[in-house]
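Accompanying notes for the structure given below.
The values are calculated or read from the model by the stated rules, or taken from the named source; none is laboratory data. Keep in mind that what you see is a predicted model, and the values were worked out from it rather than measured. Cβ placement follows ideal geometry from the backbone for every residue including glycine, while neighbour counts extend to all protein chains displayed. Areas reflect the complete protein model, heavy atoms only, side chains present, ligands, DNA and RNA absent. Shrake-Rupley method; radii C 1.70, N 1.55, O 1.52, S 1.80 Å.
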Amino acid sequence: MSILSPYTAVPELLLRPGSKTGRLRIQGKVLSDDQVIEWKCLAAQIRPTLRLPRASTTIADRATGQKAIKGFEPDCIVQISADDGTCRVPGEFKTPWTTDLSDLDPDDELQVLAQIAGYMNAYSCRFGFVCTYDAVILLKRVGTYRFMVSEPFKAIQPSPGGRNPQVSATEALWWVALQARSNWKWTGPAADPNNLLNGSFILGHNLRNHR
């Protein structure tokens, strides 16, 4: 039996024949193009971090602990311990047959990103992620209304390790989970959820009031 490490590709997903769940998007929640910034050179940041000593983090159901916020319920949270229950990194999972993170329609992408951005805002988190079995996208909040978004890290993409810039999906997930140890909290002002997720933000026009 093969052993899965952060550097290996994920085994091919086996799908049962028959009907599958349909696509679900939260209507009316969307980011504007100006809220999304390309997260460049992330692979170079991920690789050195994974050489650090092993640290304990827990990926748990959103209901773990007593700190879930009604109306803002991610599929999972990264926390330090089950006793704490603090959402330090929210995560959202989509099925690969409804959401292809490597080939999203631009409007659909802004809806998917809005969902996790809303959770990051509600829980004052600096990082978040969206994952299907096939790929992972990471988000980092860099302003009250703006987020850096990574390229999709594909599950079938292995990582050679070392200094090679190619990063696997499991590496990307492990790296974002490690952010729960420190520097996870967004200390800037929170955004009004309605203004954050209505797709109306325009860079420059909104800059006086929205950063």
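Results, tabulated for the structure shown:
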{"quantity": "Extent along principal axes [Cα atoms of region 86-196; Å; largest to smallest]", "calculated": "41, 32, 21"}
{"quantity": "Accessible surface, 1.4 Å probe, highest first, among residues 12, 73, 109", "calculated": "12, 73, 109"}
{"quantity": "Exposure of residue 110 as accessible area (Å², to 10), given a probe of 1.4 Å and all protein chains", "calculated": "20"}
{"quantity": "Residue 82 paired with residue 192, simple spin-label distance in nm, labels 7 Å along Cα-to-beta-carbon", "calculated": "4.1"}
{"quantity": "Segment residue 40-residue 97, extension gain: residue separation times 0.36 nm, minus the distance between their alpha carbons", "calculated": "17.8 nm"}
{"quantity": "Area projected by the alpha carbon convex hull of region 66-147, averaged over all directions, nm²", "calculated": "5.7"}
